[in-house]
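Structure first, commentary second.
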C-alpha cells in the first residue's frame with residue numbers, strides 16, 4: 001500500500017508492520033524533513049548549545065541523559081535554531097490526554113532541567129487532528145495539531161519528582177510489588193497484564209460492577225472495600241446498579257419478560273428476517289480518500305436470511321481485499337445481497353448505522369438504498385442496554401459473544417482460532433504482509449468468525465423471542 005503526500009512524494013506503508021504510534025512518528029518526520037537520527041546524548045546537548053555547528057537542524061530520536069545517568073529519554077524530534085529550540089513529541093491520540101501526556105512532558109522537562117538547558121528549549125505536543133479528512137493526497141500540515149506544553153511540564157514538577165522517588169523505591173525492592181486491580185489497570189492505557197490479573201478477580205469485586213462510577217470505586221478502595229458484599233448500607237446506587245448487584249448475589253439473572261416481549265413485538269415478521277453481522281477495523285492515519293483518523297471501516301459481513309415458511313437460511317458474505325478501500329465494494333455487495341424489505345437484525349446497532357451513514361456521504365449514489373437498510377435495522381442489544389436482561393457474567397463485558405454464552409451452554413466459539421472482533425481486526429490488517437498460503441488461511445478464519453457471530457445473533461434472537 002502506498003501513502004501519498006501533498007508534496008507529491010510517496011512513502012511505502014505496511015499497516016501492521018508499523019503500529020499506530022510508530023506510524024504517526026514516521027509522518028512526523030515527513031513534517032520535519034531532512035533530519036538525522038542520533039542516539040548520542042552529546043549530539044543532542046551540543047545541538048542546543050551550539051546550533052551553528054550543525055549540518056542538520058532536525059534531529060530524530062534525540063537522546064538525553066542526566067549528568068548522574070539516573071534519568072534518560074528519547075524524544076521524537078528536536079528542531080534546532082539559533083533563537084529557539086523545540087522538542088516535539090508525536091502522539092497517535094486525537095487530543096492531549098490528561099494526565100498521561102503531561103506526565104511524559106513533565107518527565108522530559110525534568111531531564112532537560114538537570115542538563116541546565118531549559119533556557120534554550122520549549123516543548124511541543126503533536127497529536128492527530130480529529131477533523132482532518134484525507135483527500136487524494138495526505139496534507140501533513142493539516143494532519144496534526146501542535147501545541148506548546150512547556151508550562152504544563154513545568155507546573156507538574158512536584159508530582160513528577162514524587163513519582164520518580166516512588167519508582168526508585170520500587171526498583172530497590174527484592175520482591176515484586178503487590179498491586180491490587182483498579183482503574184489504573186486501564187487508565188491512561190490498558191495494561192498488558194490486564195487479562196492475567198483480572199482473570200483472578202471474583203464476580204463480586206467492585207471493579208466488575210459496571211454501574212459504579214470511577215469516583216464511587218475510588219471511595220470504596222480508599223476505605224478498604226473491594227467486594228460488593230461489604231458495601232455500606234447508606235451507599236447510594238442507581239436502581240439498575242442495585243438490581244444488578246442483587247443478581248450477582250443471588251446468582252440469578254434479571255429477566256423482564258414483558259419488556260423483552262414488547263420490544264420483540266415491534267419487529268415486522270411478515271417478511272423474511274435478515275441477520276447481519278459486520279466486522280470493522282480502524283487506523284490512526286486515514287488510509288483512504290474521505291477518511292478521518294480512527295474512522296471505523298467495514299471489511300467483511302455475513303448475512304443470513306430465512307423466510308418465514310422455511311427452516312433453511314440463505315447465506316451471503318463479503319470479504320474486502322486488505323490493500324483496497326473496502327467501502328465501495330462492501331456497500332455494493334450488501335445492497336445486492338440483502339432483501340429490499342423485511343427487518344434486519346443486528347447486535348452492534350449504533351456502529352452499523354454509523355458505518356452505513358458515513359458510506360452514504362462518501363457514495364451518495366447509494367443513499368436511497370442505504371437509508372432503506374438503516375430504517376429496517378432492528379437492535380437486538382436493546383434488552384441488554386435497557387436492563388431487561390442481565391446475567392452475572394455480563395458485569396463488564398456485554399458484547400455479543402458474552403451475551404450468547406450467558407444464554408446458551410453450546411459454545412459456538414470454542415473451536416475458533418479467531419474468537420473476538422478486536423483480534424479479527426488485527427489479523428485483517430496483517431493479511432497483506434503474509435505469504436499467500438498463510439493469508440488465505442487467515443481469511444478463512446476471519447470468515448468463520450464472522451459467520452459464527454451471525455449464528456450467535458440468530459440464537460440470541462430466538463432465545464429472547466421465546467421468553
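Brief remarks follow.
- Translational diffusion of segment 128-270 was estimated from the Stokes-Einstein equation, with Rh taken as the Kirkwood radius over Cα pairs; at 20 °C and 1.002 mPa s the coefficient is 103 µm²/s.
- Normalised alpha carbon radius of gyration of segment 183-237 [divisor 2.2 N^0.38 Å]: 1.17
- DSSP beta bridge pairing in the chain, given as percent antiparallel to the nearest 5: 70
- Full-stretch length increase - residue 130, residue 70 - with 0.36 nm per residue and alpha-carbon distance subtracted: 17.9 nm
- Pair residue 312, residue 365: separation of 7 Å Cα→Cβ label points (nm): 3.5
- Using a cutoff of 8 angstrom between alpha carbon atoms and counting only pairs six or more residues apart, the relative contact order for segment 239-389 works out to 25 percent.
- Translational diffusion coefficient of the chain (Stokes-Einstein, Kirkwood radius from Cα pairs, 4 °C, 1.567 mPa s): 50 µm²/s.
- Cβ crowding within 10 Å ranks 319, 351 as 351, 319, fewest other Cβ atoms first.
- Per residue, the convex hull volume that the Cα atoms of segment 48-172 enclose (Å³): 128
- Diffusion coefficient, µm² s⁻¹, Stokes-Einstein with Kirkwood Rh over alpha-carbon pairs of segment 335-402 at 25 °C and 0.890 mPa s: 181
- Extent along principal axes [Cα atoms of segment 253-467; Å; largest to smallest]: 49, 38, 34
- Antiparallel bridges, percent of DSSP beta bridges restricted to segment 75-159 (to nearest 5): 55
- Computed extension length for residue 321-residue 462: 47.4 nm, one decimal, from 0.36 nm per residue of separation with the Cα-Cα distance subtracted.
- Using C-alpha pairs under 8 Å with a sequence gap of at least 6, the mean separation divided by the residue count of the chain gives a relative contact order of 13 percent.
- Estimated inter-spin distance, residue 21 and residue 233, nm [label 7 Å along Cα→Cβ]: 4.9
- Rounded to 0.05, the FRET efficiency of the residue 166 and residue 39 pair, given R0 = 25 Å and the Cβ-Cβ distance, is 0.35.
- Antiparallel bridges, percent of DSSP beta bridges restricted to segment 253-467 (to nearest 5): 75
FYI, it's all coordinate maths here, none of it is from the lab. It should be emphasised that the depicted structure is a prediction, and the values quoted were computed from it without experimental measurement. Reconstructed Cβ throughout: ideal geometry from the backbone, glycine too, with neighbour counts over all protein chains shown.
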